[in-house]
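Nothing in this text is a laboratory measurement; each read-out follows from the coordinates by a stated rule. Everything numeric in this text was worked out from a predicted model, so none of it was measured. In this analysis, Cβ positions are derived from the backbone assuming ideal geometry, glycine residues included, and neighbour counts consider all displayed protein chains.
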Amino acid sequence: MKLLEERIRQDGVVIGDDILKVDRFLNHQMDPMLFKAMAEEWKRLFAKDNVNKILTIEASGIGIACIVGLVFGCPVVFAKKSKTRNTPEDCYMATVRSFTRGIISDVTVSKNYLGPSDRVLIIDDFLATGEAAEGLMNLVNQAGAHLCGIGIAIEKAFQPGGKKLRAAGVKVESLARVGTMSEHEGISFID
Ligand code: 5GP
């Protein structure tokens, strides 16, 4: 998606070999007009999938997912990283290793908000190793829900997540795919 690629080129900051900071428009300050254009693109890409629920993970996926829910006209659920008072009987739980922080956390979704009648589109800001996406897919499986696919804002295609998920037969639609990036030479995109 050209609009997102241009914005990443303009406002993205590469840190080291593998971290892209997009705090100016996505992860800290957020640009809802851009999010709306992204959501409309996913709506086009998943037009035939009868999506009736959006699932994301705390925290940075929530802003994007909320606009996606608005455009799809369906509820948005986020998997919680913080400990809740819910007992294991009340919620689905999966373990996710955070790419940026390196810590492992349990993420949970209440059984009230995900179930067999749901046709789920997973939305997240980044795809790197695929751990977050796999954790969310695990929750969808536990709920007996149908996974329509995964919408990612920025896929770092030089990392293994996208390849792994597509090889498993999952429909992954990334709006910007970074082929290479470095602090000195900038960012290149691939289709
Ligand atoms: P994965 O689980 O695919 O390894 O990483 C995806 C998660 O890690 C996303 O939810 C995102 O929050 C975070 N993440 C991965 N790579 C980056 C990055 O380059 N920049 C930022 N800001 N977050 C990232």
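When the residues of region 86-106 are narrowed to those that are outside any strand (DSSP E or B) and more than 7 Å from the ligand (Cβ to nearest atom), which ends up surrounded by the most Cβ atoms within 10 Å (Cβ to Cβ)?
By that ranking, first place goes to ASN86.
Considering only region 142-157, I want to know if a residue exists there that is more than 12 Å from the ligand (Cβ to nearest atom) and among the β-branched types (Val, Ile, Thr).
No, region 142-157 has no match at all.
Which one of the conditions (1) within 15 Å of the ligand (Cβ to nearest atom); (2) in contact with a Phe, Trp or Tyr (Cβ under 7 Å, 6 or more places away or on another chain) does VAL51 fail to meet, given that it meets all the rest?
(1)
Pairs please, first residue from region 10-23 and farther than 19 Å from GLY61 by Cα, second anywhere and of a type in the set (A, V, I, L, M) and more than 6 Å from the ligand (Cβ to nearest atom), Cβ atoms under 6 Å, 6+ apart in sequence or on different chains.
VAL14/MET181
Mind listing whichever residues of region 54-67 are part of a helix (DSSP H, G or I), among the β-branched types (Val, Ile, Thr) and either farther than 15 Å from LYS36 by Cβ or within 15 Å of the ligand (Cβ to nearest atom) (or both)?
ILE62, ILE64
Is there any pair with a first residue in region 107-127 that is within 16 Å of the ligand (Cβ to nearest atom) and a second that is in a strand (DSSP E or B) and among the acidic types (Asp, Glu) whose Cβ atoms are under 7 Å apart and which are 6 or more apart or on different chains, and what are they?
Correct list of pairs: LEU127/GLU155.
Does GLU58 count as under 30 Å from ASP118 (Cβ atoms) and in contact (Cβ under 8 Å) with a residue 24 or more places away in the chain?
yes
Here is a yes/no grid of residues against (1) under 17 Å from ILE123 (Cβ atoms); (2) of a type outside the set (Val, Ile, Thr); (3) outside any loop (DSSP other than H, G, I, E, B):
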{"position": "ARG7", "(1), (2), (3)": "no, yes, yes"}
{"position": "ARG24", "(1), (2), (3)": "no, yes, no"}
{"position": "GLN29", "(1), (2), (3)": "no, yes, no"}
{"position": "MET33", "(1), (2), (3)": "no, yes, yes"}
{"position": "MET38", "(1), (2), (3)": "yes, yes, yes"}
{"position": "TRP42", "(1), (2), (3)": "yes, yes, yes"}
